[in-house]
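Take a look at the structure below.
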Amino acid sequence: MTKEIVLEGLKKLLTNEQINVDADDLYDATADRYKKYAKAKKVLDNPSPCAIVYPKNSSEVSDLLMFCNQNQVNVIPRSGKTATEGGLENWKELAVVIDGKNLNEIVNIDTYNMQATIQAGVALQDLEDELRKVGYTTGHSPQSKPVAQYGGLVATRSIGQLSTLYGGIEDMVVGLECVFPNGHISRIKNVPRRAGGPDIRHIAIGNEGTLCYITEVTIKIFKHFPENNKFYGYLIKDIDTGIKVLREVFTNSYRPSVARAYSEEDARQHFYHFHKDKCVLIFMAEGPQAIVEATGAGIEEAVEKFQEGIIEQVDSSLIEDWFNHLNWSQQDIDDEVEEMINNDSHSGYTTEISADWATVSQIYDNVIKRIRSEFRFADDLTMLGGHSSHSYLNGTNMYFVYQYTINCEPEDEFRMYHHPLQTIIVEETLKLGGSMCHHHGIGKYRNQWTRQEHGSAYYMLETLKEAFDPKGIMSYGNIYYQEDAAKYQQ
Ligand SMILES: Cc1cc2nc3c(=O)[nH]c(=O)nc-3n(C[C@H](O)[C@H](O)[C@H](O)COP(=O)(O)OP(=O)(O)OC[C@H]3O[C@@H](n4cnc5c(N)ncnc54)[C@H](O)[C@@H]3O)c2cc1C
């Protein structure tokens, strides 16, 4: 097989307008935000895909997957392109990107049964805008909401800023349609619940393009009461106080939609308008009036219990203002790339983990100490901190954030800075029994720890891959470690 033969094969399945071989677009399709600095500087060293294709329906997706499966061509499913962990990066000479651009129909909004069906290429913001017109919401609000699309949101097991009320995407998906490498199209029906064997939705949710291509999703929708929103903010002594208050709120069964605790360093960059160099704790209560009142009372009670760690309460309008300017548009993403082309420092590398209440603060402290004492280029760090932003009855997440000045060649940035920092975070988390990835997926740069993450249950993950993608054509390198591709990681 050669690239030319692949293109000839694609032309038998699609029209010319559905096949993109523009050199700039293929370069763009070579990697995602994990290597955003090398990409911006135009020094990516992995192969470009042969083409980006735009199927119009699941039958075309099926034909494409069968063709790639028969000819051992790597398939990279693509939606809004906001992936952060190398999920869209290509490691194969022969690869085709299947982009959901033409799968862009909002199929149905059913306010009686409280669900909406959308094709995989529908942007979350577009569905949210439609729902808001009739008084409903998706309840899903990742910071990438204006850009991310449903295929990617489901495939990465995404979570939004309102997760503590509405849940992660896994709590929202009712049913879905997906296509397997052998061309089989599966539709998982929409029912409120069933005990019909294992929950097969989870074979598609979080698969990161390694098992199937998601073509359509049905999600729950919620009534929206924005007029009742209440915001709470506090300056606190340390992040541990914040975690303790979060625990108190959630273990008492209150469900604010936003509940976050920030380290001083992270607070400095998010709450420049009031942080006073302190850690910050914030909440938002949402829903019908009586629920908002009760949730607010629960928050105030928890804050009162940990009074000795609370420095002062912040004007709630400042928190509301922060919340209204949180999301990233495509323009913000493009501006960041422009900034990296012109400068050698950049912001916004992150690693997100989760752990139970008893260990999360310990993991945070261990990570920060180890990075400060062990990381070879610690002097280049311009920011190191984190926040907890998604809490549960039994624990919470920690979103580590790090920024640095880059003192190396652009192609070495991820090897010298990003990967070693991520390694410390992952190692310290796994050591104490946490999960190395809370919501961005494993992608390609945490796959070396997938076995350790899952332990004896890795058998189940491995068996899924063997069953659904026996030829290994789906998103080579995502989730599953590939020894012969190690050169791209080191
Ligand atoms: C500024 C910014 C803020 C972010 N904030 C959040 C946040 O708050 N919460 C959060 O969870 N994430 C966040 N992310 C990460 C990212 O937005 C999510 O992972 C999102 O779900 C990716 O959606 P996408 O449509 O952009 O998918 P893509 O980037 O196109 O793809 C992501 C992964 O899913 C696979 N995939 C895509 N489409 C399909 C499909 N149809 N079938 C099978 N596999 C598919 C791809 O191969 C890839 O591995 C953020 C990213 C950015 C850049």
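So the values come out like this:
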quantity: Any hit, the stretch 302-324, residues being hydroxyl-bearing (Ser, Thr, Tyr) and in contact (Cβ under 8 Å) with a residue 40 or more places away in the chain; calculated: yes
quantity: Odd one out for residue 341, checked against (1) more than 16 Å from the ligand (Cβ to nearest atom); (2) surrounded by fewer than 14 Cβ atoms within 10 Å (Cβ to Cβ); (3) touching a residue at least 40 places away in the same chain (Cβ under 8 Å); (4) farther than 26 Å from residue 445 by Cα; calculated: (4)
quantity: Failed condition for residue 446, given (1) buried (at least 22 other Cβ atoms within 10 Å of the Cβ); (2) assigned by TED's automatic domain parsing to the domain that holds residue 387; calculated: (2)
quantity: Residue check, residue 353 at pLDDT 95 or above, among the aliphatic types (A, V, I, L, M) and touching a His at 6+ places or on another chain (Cβ under 8 Å); calculated: yes
quantity: Number of the condition not met by residue 374 [criteria: (1) at pLDDT below 95; (2) away from the ligand (no atom under 16 Å from the Cβ); (3) among the charged types (D, E, K, R)]; calculated: (1)
quantity: Among residues of the stretch 121-161, those that are near the ligand (Cβ under 10 Å from one of its atoms), of a type in the set (Val, Ile, Thr) and not in a loop (DSSP other than H, G, I, E, B), counted; calculated: 1
quantity: Within the stretch 210-317, strands (runs of 3 or more DSSP E) holding 1 or more residues that are touching a helix residue (DSSP H, G or I) at 6+ places or on another chain (Cβ under 6 Å), of a type in the set (S, T, N, Q) and at pLDDT 95 or above; calculated: 213-220
quantity: Helices (runs of 4 or more DSSP H) contained in the stretch 22-120 and holding at least 3 residues polar (S, T, N, Q) and either away from the ligand (no atom under 11 Å from the Cβ) or modelled with pLDDT of 95 or more (or both); calculated: 58-71
quantity: Of all residues in the stretch 45-61 being within 23 Å of residue 488 (Cβ to Cβ) and free of Cβ contacts under 8 Å to residues at least 60 places away in the same chain, the one that is surrounded by the fewest Cβ atoms within 10 Å (Cβ to Cβ); calculated: 47
quantity: Search result, residues across the stretch 449-490 that are crowded, with 17+ Cβ neighbours inside 10 Å, of a type in the set (Ser, Thr, Tyr) and touching a Ser or Thr at 6+ places or on another chain (Cβ under 9 Å); calculated: 475, 476, 480
quantity: Cβ pairs under 6 Å, 6+ apart, first in the stretch 219-246 and farther than 30 Å from residue 108 by Cβ and of a type in the set (Val, Ile, Thr), second in a loop (DSSP other than H, G, I, E, B) and modelled with pLDDT of 95 or more; calculated: 239/263; 241/306; 245/306
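Yes or no, residue by residue, for (1) among the polar types (S, T, N, Q); (2) in contact with a strand residue (DSSP E or B) (Cβ under 8 Å, 6 or more places away or on another chain):
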| site | (1), (2) |
| --- | --- |
| 197 | no, no |
| 211 | no, yes |
| 216 | no, yes |
| 246 | no, yes |
| 263 | yes, yes |
| 270 | no, yes |
| 279 | no, yes |
| 282 | no, yes |
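For (1) surrounded by fewer than 22 Cβ atoms within 10 Å (Cβ to Cβ); (2) of a type in the set (A, V, I, L, M, F, W, C); (3) in contact with a strand residue (DSSP E or B) (Cβ under 8 Å, 6 or more places away or on another chain), each residue gets a yes or a no:
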{"site": "86", "(1), (2), (3)": "no, no, no"}
{"site": "95", "(1), (2), (3)": "no, yes, yes"}
{"site": "108", "(1), (2), (3)": "yes, no, yes"}
{"site": "113", "(1), (2), (3)": "yes, no, no"}
{"site": "118", "(1), (2), (3)": "no, yes, yes"}
{"site": "126", "(1), (2), (3)": "yes, no, yes"}
{"site": "132", "(1), (2), (3)": "yes, no, no"}
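The values are calculated or read from the model by the stated rules, or taken from the named source; none is laboratory data. Since this is a predicted model, take the numbers as computed values, not measurements. Every residue, glycine among them, receives a Cβ derived from its backbone with ideal geometry; neighbour counts consider all protein chains shown.
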